[in-house]
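What follows is a single structure, written as structure tokens, with notes after it.
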Amino acid sequence: MAEPRPVLEMTGIVKEFPGVRALSDVDFRLFPGEIHALMGENGAGKSTLIKVLTGVYSLDGGTITLDGRSVRIASPLQAQQAGISTVYQEVNLCPNLSVAENIFIGREPTRLGRIQWKQLRRRAAELVDRLGLDIDVSAPLSSYPLAVQQLVAIVRSLGTGDGEGPGTKVLVLDEPTSSLDRDEVLQLFALMRRLKDEGVAILFVSHFLDQIYEVCDRMTVLRNGTLVGEHMVRDLDQVGLVQLMLGKAMGQLDELHEHQLRSDVGETLLRADGLGRTGGIAPFDLEIKKGEVIGLAGLLGSGRTELARLLFGADQPDAGKVSIGGKQVSMSAPNDAIGAGVAFCSENRKSEGLVPDLTVRENIILALQASRGWTRPIPVSQRDELVAKYIKALDIRPANPEARVGQLSGGNQQKVLLARWLITQPKLLILDEPTRGIDIGAKAEIQKLVVSLSEDGMSVLYIAAELEEVLRLSHTIGVLRDRRLVAQIANGPEITTSRILETIASGEHQ
Amino acid sequence: MTTPSTTSSRWRALTRHHLFWPVAVLVLLLLVNVPFTPDFFSIKMADGHLYGSLVSIVLFGSPLILVAVGMTLVIATGGIDLSVGAVVAITGALACSYISDQSDQSALSGVLLAMGLGLLAAVVCGLWNGFLVARMGIQPIIATLIIMVAGRGVAQLITDGQIITINSSPYKLIGGGYWLTLPFSIFVVAAVVAVTVVLTRRTALGLLVEAVGGNAEASRLVGIRSRRIKIMVYMFCALCAGIAGLMISSNTSAADGNNAGLWIELDAILAVVIGGTSLLGGRFSVGGTVIGALVIQTLTTTIYTIGVPTQTNLVFKAAVVIAVCLMQSPKFRAKVFGARFGAKGSTTPAAAPADTAATEAAPKMEVS
């Protein structure tokens, strides 16, 4: 086959961490003018490969060839100078500065040491125009939604287009779509296609299979740090892909579909009356029964997280009251809720969940230890037993309690947080987007876990962006819109995602 | 890259140990003394006491070790305590002025009461610091600055602006006496370090402190009572400073509100950083801090033994401190010595603070 020469070739890549071989002998290539998906479960090595490519990690073995020349990439700056640009899941820009300033930050056009503001704005506007985006470059970045900020991050990563440096040959997009809605995703795809036509090679990571099939030309699949294969997207269907990623036949997800939800939910566990917080969520009434799974559906920013935070005392309510198990709880701090048996896994794993410098073990026991106070440490043998049990039960990898939690992959970090709360044996578990940014295998595991916890009598408040997920798991679906709980719908065979979407769209309960 | 042999992987494990670089620096500094003082490592027995450079380093370094150990916990919560020097002065002033008022300055009950009074004052200072930081939400550096400045004034009020001298043999024991052939202060330091280690590692205090310092918001959301922990830690730090204050005033049999413990907070912060605890909070190492304090004391001793001219003392000290901090930075080592000594990929938490300390150390040391 007469293939064009790849712009990037990585051969025999090896990367080791203390106790873990994150990548062994992985080959990867990228052709100009293609969108290439990097696929794999959590811990398969996707992030590691990207970090090796972008100079965040140094290589332990293997070679990287860019445009036919062997290169050593020792730092993110070198990667950028070599023409490899990266945009991460979290936008790393300054929201308080204008769009134009963000695009040119660190490389502002200057004359005699002074920044040429007019020129900067004009050139930023040209760049944005050329890429077909409708953005006012003089407005502060924070005035735009996250999706647009992401587009700005891409524009920035492409360089200033004034002939400095080699220009971007390789653009790495690490989960850019995880918090975007459908229209925003389309906007992003349009930009990606335009760049592809200009000959840029795009490496795209996403957990949404549909998106991969919509926009990608080729994909590379990793599993457990090794290369499974490289395929043209049109030659491999979704079932085949999932099988490659998991290394086993499908069925995990089907199993869940067949799973009957526990039908006999028990007595009332939690009751919120007129609970609300100005600027957070309008006062709402909510009742959660023992063993019940309540799913919250609504768009980003509709108040899902705000509702959950009130039930945990993470934010203080300024109206209404909560009673748990018949007793009123003040909810002035998380401690009150924890004491009453409520647990909360935040959607922001890094900033509100993990203590990255501590080990897996320490992170797992933190909530239990906090409830016991500092004077009563958990006995070592009991602690190790508990930690080992949950590492095994949740299949946390690496199964090393001494590993620093900051080095784990996203899905495994999520499992550590789950383990942290499960060992406290809560009555109500609040999960805010527990499956965001994690792969399909771990997603299914977490969903199955929710079902089995509910069977054991634990109540779960489940927040997810994907309606199917909410629908599949919940007894009751709370629909939010514009920071208001607009409907509570009992799940049943006649309830479909479109029905929920209607409620979200109309804001009315039929 | 060659396949690692057993020895090199062992070497690697050794260099990765969090105490490796502090210990290496300490050993290096000690060795520097040998050409200038050939009997540097010898310890002699005279009058039933052990004498020698090593003994003096520990003896003179005792107050610094105490203050630095307390400081370690404060820094681990993400805070800092600038008031320890003033607390040293207040404690010494109170204890000495109480003793000087007694008819029998050597009466044990009076001395014990004086010490109790001094330490109580220290703990109250710590409570105040903790209250400002944890309850009022004032930045630690500002909150503790208040006692750093005002505390010296309080100490001078207590001593009426004079240097109070006392003549009390039981009090002299703490900082200037001997027990079992060794300086008594070494036993005090050993006891405080042991208590600290037990308190932090045998209970869950250490874990909770590291969690609060490592991620304050996450700690709040798992229900850690971080305010309580912070107040406790500031009180403990002040208590350590108080004991150091007793030791310093006991050693000279005098309370000097102006100069006792002057700038000791800066040396203590430096000792903590050299010991590998991040100024950003999180993981801490009490053992590392002890070694860090010994490094600083050894450096002071070395400056005298190798005969650095007095005028250039502080500049010399600053230069060594910068070198020490650079040596500890994995990034710097990787750059200068190649990948072999540098931590790869996963940088140790000490990396960033060591860098910070290097840049901050110079101006601080010039005033000390």
Hey, A:TYR462 hits all of (1) touching a strand residue (DSSP E or B) at 6+ places or on another chain (Cβ under 7 Å); (2) surrounded by fewer than 24 Cβ atoms within 10 Å (Cβ to Cβ) but one; which does it fall short on? (2)
Total residues in the stretch A:282-309, condition hydrophobic (A, V, I, L, M, F, W, C) and more than 27 Å from A:GLU455 (Cβ to Cβ): 4
Restricting the stretch B:70-108 to residues that are assigned to a helix (DSSP H, G or I) and free of Cβ contacts under 8 Å to residues at least 24 places away in the same chain, which is farthest from B:VAL195 (Cα to Cα)? B:ASP101
For B:GLY261, which of the numbered conditions (1) touching a Gly at 6+ places or on another chain (Cβ under 6 Å); (2) within 14 Å of chain A (Cβ to nearest Cβ) fails to hold? (2)
Search the stretch A:290-313 for residues that are in the same structural domain as A:PRO334 (by TED's automatic domain parsing) and at positive phi and pair each with any residue that is polar (S, T, N, Q) and assigned to a helix (DSSP H, G or I) when their beta-carbon atoms are under 6 Å apart and the residues are at least 6 apart or on different chains. A:GLY291/A:SER454
Among the residues of the stretch A:384-394, is any without any contact (Cβ under 8 Å) to a residue 60 or more places away in the chain, assigned to a loop (DSSP other than H, G, I, E, B) and closer than 22 Å to B:VAL233 by Cα? no
Yes or no: the stretch B:298-318 includes at least one residue that is surrounded by fewer than 20 Cβ atoms within 10 Å (Cβ to Cβ), basic (Lys, Arg) and free of Cβ contacts under 8 Å to residues at least 60 places away in the same chain. no
Please state which one of A:LEU418, A:LEU461 is modelled with pLDDT of 90 or more and part of a strand (DSSP E or B). A:LEU461
Taking the stretch B:9-39 on its own, how many of its residues are touching a Gly at 6+ places or on another chain (Cβ under 8 Å), assigned to a helix (DSSP H, G or I) and more than 23 Å from B:ALA271 (Cα to Cα)? 0
Is it true that A:SER98 is away from chain B (no Cβ under 14 Å), within 26 Å of A:ALA190 (Cβ to Cβ) and among the polar types (S, T, N, Q)? yes
For the stretch A:169-197, give me each residue that is assigned to a loop (DSSP other than H, G, I, E, B) and in contact (Cβ under 8 Å) with a residue 60 or more places away in the chain. A:LYS169, A:GLU175, A:PRO176, A:SER178, A:SER179, A:ASP181
Qualifying residues in the stretch A:421-446 (those that are part of a helix (DSSP H, G or I) and away from every other protein chain (no Cβ under 14 Å)) - the one farthest from A:ASN224 (Cα to Cα): A:ILE446
Residue by residue through the stretch A:273-293, note down the ones that are touching a Phe, Trp or Tyr at 6+ places or on another chain (Cβ under 7 Å) and either within 23 Å of A:ARG472 (Cα to Cα) or surrounded by 24 or more Cβ atoms within 10 Å (Cβ to Cβ) (or both). A:VAL293
Could you go through the stretch B:218-225 and let me know if any residue there is of a type in the set (S, T, N, Q), crowded, with 22+ Cβ neighbours inside 10 Å, under 15 Å from A:ILE365 (Cα atoms) and within 14 Å of chain A (Cβ to nearest Cβ). yes
Answer with yes or no whether B:VAL74 is buried (at least 19 other Cβ atoms within 10 Å of the Cβ) and more than 14 Å from every other protein chain (Cβ to nearest Cβ). yes
Which one of the conditions (1) under 20 Å from A:LEU429 (Cα atoms); (2) within 13 Å of chain B (Cβ to nearest Cβ); (3) free of Cβ contacts under 8 Å to residues at least 60 places away in the same chain; (4) of a type in the set (S, T, N, Q) does A:GLN328 fail to meet, given that it meets all the rest? (2)
Out of all the residues in the stretch A:127-141, is one or more assigned by TED's automatic domain parsing to the domain that holds A:LEU49, touching a residue at least 60 places away in the same chain (Cβ under 8 Å) and farther than 22 Å from A:VAL205 by Cα? yes
So if I check each of B:ALA194, B:ALA218, which one is closer than 30 Å to B:MET45 by Cα and free of Cβ contacts under 8 Å to residues at least 40 places away in the same chain? B:ALA194
If we take the stretch A:35-143, then helices (runs of 4 or more DSSP H) inside it with 1 or more residues that are modelled with pLDDT under 90, more than 30 Å from A:ASN412 (Cβ to Cβ) and touching a Gly at 6+ places or on another chain (Cβ under 7 Å) are A:76-82, A:117-130
With respect to A:VAL99, is the statement that it is surrounded by fewer than 21 Cβ atoms within 10 Å (Cβ to Cβ) and closer than 23 Å to A:PRO176 by Cα true? no
Only one of (1) modelled with pLDDT of 80 or more; (2) farther than 18 Å from B:VAL32 by Cα; (3) loosely packed, with under 15 Cβ neighbours inside 10 Å; (4) hydroxyl-bearing (Ser, Thr, Tyr) is not met by B:THR359, so which one is it? (1)
Which of the residues belonging to the stretch A:380-395 are away from chain B (no Cβ under 11 Å) and closer than 30 Å to B:LYS230 by Cα? A:SER381, A:GLN382, A:ASP384, A:LEU386, A:VAL387
Filter the stretch B:251-287 down to the residues that are assigned to a helix (DSSP H, G or I) and charged (D, E, K, R), then identify the one that is farthest from B:ILE166 (Cα to Cα). B:ASP267
Could you grab me the full set of residues in the stretch A:401-413 that are more than 19 Å from the chain's Cα centre (by Cα) and either more than 13 Å from chain B (Cβ to nearest Cβ) or surrounded by fewer than 15 Cβ atoms within 10 Å (Cβ to Cβ) (or both)? A:PRO401, A:GLU402
Does the stretch B:173-196 include one or more residues that are within 14 Å of chain A (Cβ to nearest Cβ), out of contact with any Phe, Trp or Tyr (no Cβ under 9 Å at 6 or more places or on another chain) and buried (at least 22 other Cβ atoms within 10 Å of the Cβ)? no
Residues being surrounded by 17 or more Cβ atoms within 10 Å (Cβ to Cβ) and either more than 24 Å from B:LEU73 (Cα to Cα) or in contact (Cβ under 8 Å) with a residue 60 or more places away in the chain (or both) - total across the stretch B:111-130: 12
Candidate set from the stretch A:359-377 (those that are in contact with a helix residue (DSSP H, G or I) (Cβ under 6 Å, 6 or more places away or on another chain) and over 26 Å from A:ALA308 (Cα atoms)); member that is farthest from the other protein chains (Cβ to nearest Cβ): A:ARG361
Odd one out for A:PRO398, checked against (1) away from every other protein chain (no Cβ under 11 Å); (2) more than 23 Å from the chain's Cα centre (by Cα); (3) closer than 30 Å to A:ALA22 by Cα: (2)
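The values are calculated or read from the model by the stated rules, or taken from the named source; none is laboratory data. A quick note: this is a predicted structure, and the numbers were derived from the prediction, not measured. Cβ: placed from backbone, ideal geometry, glycine included. Neighbour counts: every protein chain shown.
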